[in-house]
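The values are calculated or read from the model by the stated rules, or taken from the named source; none is laboratory data. Because the structure is a prediction, the values reported are computed rather than measured. A quick note on method: Cβ atoms are made from the backbone with ideal geometry, for glycine too, and the neighbour counts reach across all protein chains shown.
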Amino acid sequence: MRTMNLNLFSAWRRISPRFMPFSDVATKDLPLSKWLRLALFQVSVGMATVMLIGTLNRVMIVEMGVPASLVALMVALPLLFSPFRALVGFKSDHHRSFLGWKRVPYIWLGSWLQFGGLAIMPFSLILLSGDSNWPHWFSYIAAALAFLLVGAGMQITQTAGLALASDLATPASRPRVVALMYVMFLIGMVFSSVLFGLLLSHFSPL
């Protein structure tokens, strides 16, 4: 196994930098592997974006018969937290947690909010389907809360994560680092689109 890893590493190093446009952001202290690991928060945001916009809206409108106007309102709910990104950025700039960190606790908070929203979302969709004894208006509140939690988590994670990447980058490499973060965001969207399509292919009449 160790020999195979060394061979893969040697092959990776022989790749020309022109095929790796972001390889010049790497330094001795922060190699490209660490930058890619940091950029995983963008992958999670991209996957959550596809889940909300590309998958759930179609399921709610076509399969569950939820009015399209109501679905559009729920999909738009995550954007309500967008103005608070400035506050999150300001707090992470000037206030340290009791652990001594500034950015990382906000990344954790955003990740937990995403997890919480995605965890209660299936149950809220069950309520929306009418397969429960709860009042129907409660299903709307539960679904709206799930969308809002996921949206708030996405906004907090992305704000703190991009700020952390900017802190670690040198002034000269900062534009390329931000570009790398957004490329990883797009990769997360493309990967999750293909994955969700494969997983849902047996449940689609198409």
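For region 173-204, filtered to residues that are part of a helix (DSSP H, G or I) and small (G, A, S), the residue that is modelled with the lowest pLDDT is S201. In this structure, V71 does not satisfy being surrounded by 17 or more Cβ atoms within 10 Å (Cβ to Cβ) and more than 20 Å from A152 (Cβ to Cβ). Among what's in region 112-139 and is farther than 21 Å from M154 by Cβ and of a type in the set (S, T, Y), pick the residue that is modelled with the highest pLDDT. So the residue we want is S139. Checked against (1) buried (at least 17 other Cβ atoms within 10 Å of the Cβ); (2) touching a residue at least 40 places away in the same chain (Cβ under 8 Å); (3) not aliphatic (A, V, I, L, M), S124 passes all but condition (2).
Residues are listed down the side, and each one gets a yes or a no for (1) basic (K, R); (2) more than 24 Å from P83 (Cβ to Cβ); (3) under 24 Å from the mean Cα position of the chain (by Cα); (4) exposed (fewer than 12 other Cβ atoms within 10 Å of the Cβ):
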position: V104; (1), (2), (3), (4): no, no, yes, no
position: Q158; (1), (2), (3), (4): no, no, yes, no
position: L168; (1), (2), (3), (4): no, yes, yes, no
position: R174; (1), (2), (3), (4): yes, yes, yes, no
position: L186; (1), (2), (3), (4): no, yes, yes, no
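Out of all the residues in region 23-40, which are under 18 Å from T157 (Cα atoms) and either outside any loop (DSSP other than H, G, I, E, B) or modelled with pLDDT under 70 (or both)?
Of everything in region 23-40, those that are under 18 Å from T157 (Cα atoms) and either outside any loop (DSSP other than H, G, I, E, B) or modelled with pLDDT under 70 (or both) turn out to be K34, W35, L36, R37, L38, L40.
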